[in-house]
1. Filter the range 120-131 down to residues that are open to solvent by less than 50 Å² (accessible area, probe 1.4 Å) and in a helix (DSSP H, G or I) and give me whichever is nearest to V64 (Cα to Cα).
2. Keeping to the range 87-119, report how many residues are within 14 Å of the ligand (Cβ to nearest atom), open to solvent by less than 50 Å² (accessible area, probe 1.4 Å) and assigned to a helix (DSSP H, G or I).
3. Suppose we filter S49, S12, S31, S76 for residues that are within 15 Å of the ligand (Cβ to nearest atom), among the hydroxyl-bearing types (S, T, Y) and part of a loop (DSSP other than H, G, I, E, B); which single one remains?
4. Residues in the range 178-213 that are at pLDDT 90 or above and either surrounded by fewer than 20 Cβ atoms within 10 Å (Cβ to Cβ) or near the ligand (Cβ under 8 Å from one of its atoms) (or both): how many?
5. Might you let me know whether the range 164-177 holds any residue that is among the aromatic types (F, W, Y) and under 16 Å from G10 (Cβ atoms)?
6. If you take the residues in the range 34-46 that are open to solvent by less than 70 Å² (accessible area, probe 1.4 Å) and not polar (S, T, N, Q), which one is nearest to the ligand (Cβ to nearest atom)?
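The values are calculated or read from the model by the stated rules, or taken from the named source; none is laboratory data. The structure displayed is predicted, hence computed values, not measured ones. For neighbour counting, all protein chains shown are included, and Cβ atoms are generated from backbone atoms with ideal geometry for every residue, glycine included. We work out accessible area using only protein heavy atoms, side chains counted, and drop any ligands, DNA or RNA first. Shrake-Rupley method; radii C 1.70, N 1.55, O 1.52, S 1.80 Å.
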Amino acid sequence: MAAKRVLITGVSRGLGRAMAEEFIRLGHVVSGCGRSSKEIIQLQKQFGSPHDFAIVDVAQNEDVAAWGKRILSNQSVPDLLLNNAGIINSPAPLWNVGAGEFSDIISVNLLGVANVIRHFVPAMVARRRGVIVNFSSGWGRTVSGDFAPYCATKWAIEGLTRALAQELPEGMAAIPFNPGIINTDMLRKCRADGAGNYPGPGEWAKIVAPFLLKLGPSDNGQPLTAPVRGAND
Ligand SMILES: NC(=O)c1ccc[n+]([C@@H]2O[C@H](COP(=O)([O-])OP(=O)(O)OC[C@H]3O[C@@H](n4cnc5c(N)ncnc54)[C@H](OP(=O)(O)O)[C@@H]3O)[C@@H](O)[C@H]2O)c1
């Protein structure tokens with residue numbers, strides 16, 4: 001397979017980091033972002049050009065605009081755009097979730113995805129090529145008490161992505177993607193006692209990176225799930 005340009009949000013740890021490392025191992029060129037400066041600087045040192053890792057908060061539209069301008073000015077229009085960055089609320093009934101925490105979840109999980117689409121997708125549309133994968137969740141299709149803000153954003157991602165799919169020109173695809181259940185910081189926050197029963201991000205990425213690379217126009221608008229064990233638990 002020819003080298004693809006893969007743009008990933010949230011590469012400092014978890015699924016984003018594992019995907020970045022796996023795509024690079026497979027010979028593809030990765031641009032990624034996250035807020036944690038130590039991890040991003042370490043990635044940039046470890047991999048260097050033509051890969052590119054930047055400290056960007058996807059919730060900040062102006063920061064995403066500057067990031068997009070810099071990446072796209074190098075002719076690095078993504079072939080595969082992975083809106084992976086996300087956060088989850090601390091478990092609590094909805095009436096106990098503070099306004100600030102709820103707002104943060106929406107800013108990252110929903111507005112952050114729209115910010116990245118706003119600043120990268122026009123260049124993809126101009127080429128009439130490329131696949132956009134927005135990370136949803138099992139909880140974007142079912143629900144769980146104590147996680148209402150997170151569920152709300154992931155259900156929104158399913159709708160936003162399917163509407164986007166209708167706007168794209170032929171030759172492109174937008175896909176809401178349930179990655180399954182993977183033992184990351186996020187899972188440990190919501191399943192403190194059971195996270196260890198699930199695969200780690202490295203094992204997951206070995207299966208999921210090739211799956212994502214094969215997505216194309218025929219998948220446009222289809223809600224997909226990672227082909228990994230336990231994904232529908
Ligand atoms: N793990 C699971 O079982 C599971 C299940 C269903 C869905 N998902 C989805 O999969 C995606 C990845 O989850 P994960 O388990 O890998 O989570 P994670 O281990 O908590 O990692 C989240 C990543 O997102 C980044 N991030 C968070 N807020 C950001 C922001 N404002 N700007 C830029 N980057 C930001 C984090 O980096 P910084 O903190 O450095 O910014 C980190 O790299 C999420 O969308 C999540 O909802 C995960």
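1. This residue is F120.
2. 11
3. It is S12.
4. Count: 23.
5. Yes, that holds for at least one residue.
6. G34
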